[in-house]
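Inspection log for the structure reproduced underneath, given as structure tokens.
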Amino acid sequence: MVEIFIANLGNIAIIYSEMEHSQKSTPTQLGSKIRAIRKEKGLSLEQISAKSGVALATLSRMENGKGSGTFRTHQKVAEALGLTMPELYQGLDSAQDETVAIDSKSGEAEIFRYDEKASAVFLAKQIAGKQMLPQMILISEGGATSTEQYPLGTERWLFCLEGTVQVRVGEQSITLPSGGTLYFKASLAHQMKNTGAEAVKVISVTSPSVL
């Protein structure tokens, strides 16, 4: 199912707000859990460092609550421990209100790079366990994202902020201009490509959150 709607929404300010059961944890909580699981599996810090590619000093700071690490660091550590991201974050919830505002230009947002011409900026913190995955997709001239395909029941919504993006969803190809939106079932194979002469910026929201 693919729906196309063209709209001029003007400037957009992005604020992610979650009012119940937020995924907010302290560095000490996460570090203690990593240490406990590591010891349970009989692994040393040196072994986790070698398996994950995360510096030994970074791992030591995380386990001792001196630093929280980045989302990518968490992902690498989880893989080294044989865990999924939801499993790593499970039990670290705190039932308190949370409003998180992220400035994508400030350097505080996590960035995933498809390659040198395409990247995704995460517009929320501690993505695993969230009900949605908000991102800003940035694609340079001639660039494209990887082909993505998520589990059944996953939905995705796109809003083209700047430029013109070609979106392939299953067997369909849709050209989305600036101000256009697109909704589709993300269980279909899909890809975004910049076929124009200017950089593309697309707001993407995937639900539930998948990584």
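The values are calculated or read from the model by the stated rules, or taken from the named source; none is laboratory data. Treat the numbers as computed from the prediction; the structure is a model and nothing was measured. No Cβ is skipped: glycine too gets one built from the backbone with ideal geometry, and neighbour counts run over all protein chains shown.
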Pairs please, first residue from region 42-58 and among the small types (Gly, Ala, Ser), second anywhere and in a loop (DSSP other than H, G, I, E, B), Cβ atoms under 9 Å, 6+ apart in sequence or on different chains. SER49/ALA55
The one condition LYS76 fails out of (1) over 26 Å from LEU133 (Cβ atoms); (2) modelled with pLDDT of 85 or more is (1)
Screening GLN191, GLN166 for residues that are under 19 Å from the mean Cα position of the chain (by Cα) and either over 18 Å from VAL121 (Cβ atoms) or not aromatic (Phe, Trp, Tyr) (or both) leaves only GLN191
Within region 20-42, restricting attention to residues that are surrounded by 16 or more Cβ atoms within 10 Å (Cβ to Cβ) and not in a helix (DSSP H, G or I), which residue is modelled with the lowest pLDDT? SER22
Enumeration of residues in region 53-67 that are out of contact with any Leu (no Cβ under 6 Å at 6 or more places or on another chain) and surrounded by 19 or more Cβ atoms within 10 Å (Cβ to Cβ): VAL54, MET62, GLU63
Subset tally (residues that are closer than 18 Å to THR84 by Cα and either basic (Lys, Arg) or assigned to a helix (DSSP H, G or I) (or both)) for region 43-58: 4
